[in-house]
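Below is one structure, written out as structure tokens; the observations come after it.
The values are calculated or read from the model by the stated rules, or taken from the named source; none is laboratory data. On a predicted model such as this, the values are computed, not experimentally measured, just so you know. All Cβ positions, glycine included, derive from the backbone under ideal geometry; neighbour counts span all protein chains shown. Ligands, DNA and RNA are excluded from the accessible area calculation, which covers all protein heavy atoms including side chains. Shrake-Rupley method; radii C 1.70, N 1.55, O 1.52, S 1.80 Å.
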Amino acid sequence: MEFTEKINQLKERSASLKDSLQTEEATKNALIMPFLNALGYDVFNPLEVVPEYIADSRLKKDEKVDYAIMKDGTPIILLECKKVDNDKLDVKKHAGQLFKYFTASKAKFIILTNGIVYKFFSDIEEPNILDKEPFFTFNLTEFKESQLETLSEFCKENFDLEKAYSNAGDLKYIKQFEEVIENQYRNPSDDFVRYLLDKSGIYDGIKTAKVIEKHKKTTIEAFNLFMSKVMKTSLDFNLSVKQGEETDKNEIVTTLEELEGYAIIKSLLFGKIDVTRITYRDNASYFNVLLDDNIRKTICRLRFNRTQKYLAFLDGTKEVKIPINNVNDIFQYKEQFINKIDEIISVKK
């Protein structure tokens, strides 16, 4: 069973069970252990998952964190579990506990969870000091496909400590930058308005408080204009995709679905090969996914130009087409993609 399918099954499971889980232990057994299993860890193998892991601090002995995921005898991820509830996990309430466990352990990640919400923490801001806010939050009841890709980095088969830690830093800064941009959009600061006036070069006078206050409204209107253009571009693109069958058959139009399929293929091969080597070339008949931008290293073809969509693999010069209903069906063929990569690499050798 593929990772995405396992997580979707857990989503359904959590919806049906959460109201009946009255204790922390029940939450662990019904939701958290299956979650770890979906990540590829054997919860009954103490070499991989240790329950009640001792994380002694200098101030207090016999401190135990609920689970430690192990690699080569060393904890890499800790989990602190709470029973299912609807408080979305109050980080401040459990901050002291998380800090103690993290400081006393060699693990670089600690997860706070109630079986539905999983909050990932590390020491991105200052080495060996646990950040106050999570760098990534995964909610079983409401997640996006892009979040599944991030979560998959913590699967046993994909986990690379340095890469995961580096990506965690990127996620944290992206989140913080997004918050800054949103705040500036809703309530522009004096410094930001002054920056725009300086960069635009349209105002040469003294930037007094009155001038700054006046142009805060201008800044908000400029933001709105920019967002309107972005939305219009997106809508125009989607419209062109829908009208694709009415366009010239020889015209090459790279559709949103093709790009989405390309992204899914890269996510499936993440950990198997450096995904920066995976490229694409579009043509009028099909969308080519390639290794090293080499047509002789075709991974697959996406035939999305007709009502019936196909995922196609090459067997020599023969094309083997697999009918699919929608782009998400591609997730079912991870094994075929891995086999194709192995085949391409072996031929190269």
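Table: residues versus (1) exposed (fewer than 12 other Cβ atoms within 10 Å of the Cβ); (2) aromatic (Phe, Trp, Tyr); (3) out of contact with any Gly (no Cβ under 8 Å at 6 or more places or on another chain); (4) touching a residue at least 12 places away in the same chain (Cβ under 8 Å).
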| site | (1), (2), (3), (4) |
| --- | --- |
| Leu161 | no, no, yes, yes |
| Phe192 | no, yes, yes, yes |
| Asp204 | yes, no, yes, no |
| Lys216 | no, no, yes, yes |
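How many residues are of a type in the set (D, E, K, R) and open to solvent by 60 Å² or more (accessible area, probe 1.4 Å) if we restrict to segment 304-343? Final tally of qualifying residues: 7. Contact map, segment 55-80: residues that are over 22 Å from Val117 (Cβ atoms) paired with residues that are at pLDDT below 80 and hydroxyl-bearing (Ser, Thr, Tyr), Cβ distance under 9 Å, separation 6+ or inter-chain. Pairs shown: Glu63/Ser57.
Among the residues of this structure, Lys61 counts as one that is modelled with pLDDT under 90 and either more than 21 Å from Glu25 (Cα to Cα) or of a type in the set (A, V, I, L, M) (or both). The condition (being of a type outside the set (Ser, Thr, Tyr) and in contact (Cβ under 8 Å) with a residue 60 or more places away in the chain) is satisfied by just one residue among Leu21, Leu36: Leu21. In segment 126-148, the qualifying residues are those that are surrounded by 12 or more Cβ atoms within 10 Å (Cβ to Cβ) and part of a loop (DSSP other than H, G, I, E, B), and the one that is nearest to the chain's Cα centre (by Cα) is Phe143.
Contact map, segment 5-16: first residue over 15 Å from Gly40 (Cβ atoms), second residue open to solvent by less than 90 Å² (accessible area, probe 1.4 Å) and assigned to a helix (DSSP H, G or I), Cβ cut-off under 6 Å, separation 6 or more or different chains; pairs are Ser14/Leu31. Checked across segment 102-114, the condition of being open to solvent by 40 Å² or more (accessible area, probe 1.4 Å) and closer than 29 Å to Val275 by Cα holds for at least one residue. Kindly check whether there is at least one residue in segment 39-52 that is at pLDDT 90 or above, surrounded by 12 or more Cβ atoms within 10 Å (Cβ to Cβ), out of contact with any strand residue (DSSP E or B) (no Cβ under 9 Å at 6 or more places or on another chain) and under 30 Å from Asp19 (Cβ atoms). Among the residues of segment 39-52, at least one is at pLDDT 90 or above, surrounded by 12 or more Cβ atoms within 10 Å (Cβ to Cβ), out of contact with any strand residue (DSSP E or B) (no Cβ under 9 Å at 6 or more places or on another chain) and under 30 Å from Asp19 (Cβ atoms), which makes the answer yes.
Taking Leu31 as meeting all but one of (1) out of contact with any Gly (no Cβ under 8 Å at 6 or more places or on another chain); (2) farther than 19 Å from Thr74 by Cα; (3) aliphatic (A, V, I, L, M), write down the number of the exception. The failed condition is (1).
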